[in-house]
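**Q** Quick one: this structure, given as structure tokens, is what I'll be asking you about.
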Amino acid sequence: MELLGKSKDELRNFCVSLGEPAYRGWQIYHALYAERKFSVREISNLPAALRERLAAECTLTLPTVRQTYASQDGSVRYLFGLPDSGADAKRKSEPASVEAVFMPSSGRQTICISTQAGCAVDCQFCLTAQLGLIRNLTAAEILAQVLLPLERHKAELAPQTNLVLMGQGEPLLNFDAVMAALRIILDPEGLGLTPKHVTLSTSGIEPGIEKLGQEKVRPKLAISLNASNDAQRDALMPINRKYPLAALLEACGNYPLRPWEHLTFEYVMLGGVNDTAEDARRVVKLLANLKSVKVNLIPWNPGELPYRESSAEAIEAFRRILVDRDVPAFVRYSRGRDVMAACGQLALLSIAPASANAAASQL
């Protein structure tokens, strides 16, 4: 029995099956997620005999921290080695790796986590796409990317934790595991984050958007738009050929927003590709029939791909067109560029100290 990733009810039922009271399952749940205890022997409110039995009959498997990379801006990129899986063995390959990023700020910290090892969506401007899809992550592997950085940085944690599912992978193509992890993350008796502080980003998987909207407990939703028409989006994001803009925007229009909520559209600014004034005007028209939206303009982060950053002038002109037409728009610069931790840069790359602004360091 693997304990990490199990829900409150699963742990209660497991304890009952051992002949223990159901509340022992809640104690394990609270210890794992609220107290971040990573060994059953540390759960001191369990009877010693039960702790020994759990240690003998259960596992609590965490990824290994293979490397950390510390950025000059304070961000830390984590390279996690995942436990071997049947999928890894069948491919006769090494066990998968995945990345997460811890970003401290005044009054809060943000953690960016992955939901798949690699990605199958193949966005042309994203380095993660070069990996292809290696495998889906389990709920436990998703949770561990939050738990481990929180524990390692516990001495410096700010009161608020934000979480973004924007690392490797497409969350809505690993729906069940992602939601199993999110139910624990958003549970006040689990990790205790609130929906207002957790954002799931999708490339536009229409059925997944509809399914997410039916969930009682769910994060905020962000859509990676990145283009102003279908031809442009087909070239940049091949997933658009399956879920074109009309279908995607219809799903967005039907999405059940909560009273405090808005839909966020992310738009990676690619110099000379999607950053013209005409592009901005087309984006305004695309979003015209949607309620409560905002657009985050994200300058493209350098990588070994045939694109370039938009100029600051082009980004500001684009933003001004949206704002003047009542579409709230903000420029969001990514953290951790110098250690390949920024949006679109997660590709398991090693950074040599001589070629980076910040040396790799073991925390």
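**Q** Lone cysteines in the chain, going by a 4.7 Å Cβ-Cβ cut-off?
**A** Isolated Cys, the chain: CYS15, CYS58, CYS112, CYS119, CYS252, CYS343.
**Q** Please compute the modelled spin-label separation between LEU157 and ALA56, points set 7 Å along Cα→Cβ, answer in nm with one decimal.
**A** 3.3 nm
**Q** Take TRP26, TRP300 and sort them by solvent-accessible surface of the protein heavy atoms, 1.4 Å probe, largest at the top.
**A** From most exposed to least exposed: TRP26, TRP300.
**Q** Which distance in Å, rounded to a whole number, links the C-alpha centroids of the range 273-308 and the range 28-58?
**A** Using only Cα atoms, the two centres lie 48 Å from each other.
**Q** Counting only protein heavy atoms and using a 1.4 Å probe, what share of the accessible area of the range 31-160 belongs to carbon plus sulfur, as a whole percent?
**A** Answer for the range 31-160: carbon and sulfur cover 49 percent of the accessible area.
**Q** Whole number in Å², please: accessible area per residue of the chain, 1.4 Å probe, ligands, DNA and RNA not counted.
**A** Result: 43 Å² per residue.
**Q** As an exercise, identify the GluC sites (Glu not before Pro) in the range 288-346 lying in DSSP coil whose Cβ has no more than 11 other Cβ atoms within 10 Å. Don't skip to the answer; put the middle values down first.
**A** Details: sites: GLU304, GLU309, GLU313, GLU316; in loops: GLU304.
When the GluC sites (Glu not before Pro) of the range 288-346 are filtered for loop state and at most 11 Cβ neighbours within 10 Å, GLU304 remain.
**Q** If we restrict to alpha carbons, what Rg and Dmax does the range 23-148 come to, in Å?
**A** 17.3, 55
**Q** What full-extension length gain, to one decimal in nm, is calculated for ASP326 and SER292 as 0.36 nm per residue of separation minus the Cα-Cα distance?
**A** 11.2 nm
**Q** Let me ask you something else. Relative to the compact-globule scaling 2.2 N^0.38 Å, provide the ratio for the alpha-carbon radius of gyration of the chain.
**A** Normalised by 2.2 N^0.38 Å, the Cα Rg of the chain equals 1.02.
**Q** What part of the accessible area of the range 196-263, given as a whole %, is carbon or sulfur when the probe is 1.4 angstrom?
**A** 52 percent
The values are calculated or read from the model by the stated rules, or taken from the named source; none is laboratory data. Remember, predicted model here, so these are calculated numbers, not experimental data. All Cβ positions, glycine included, derive from the backbone under ideal geometry; neighbour counts span all protein chains shown. The area values use the complete protein model at the heavy-atom level, side chains included, leaving out ligands, DNA and RNA. Shrake-Rupley method; radii C 1.70, N 1.55, O 1.52, S 1.80 Å.
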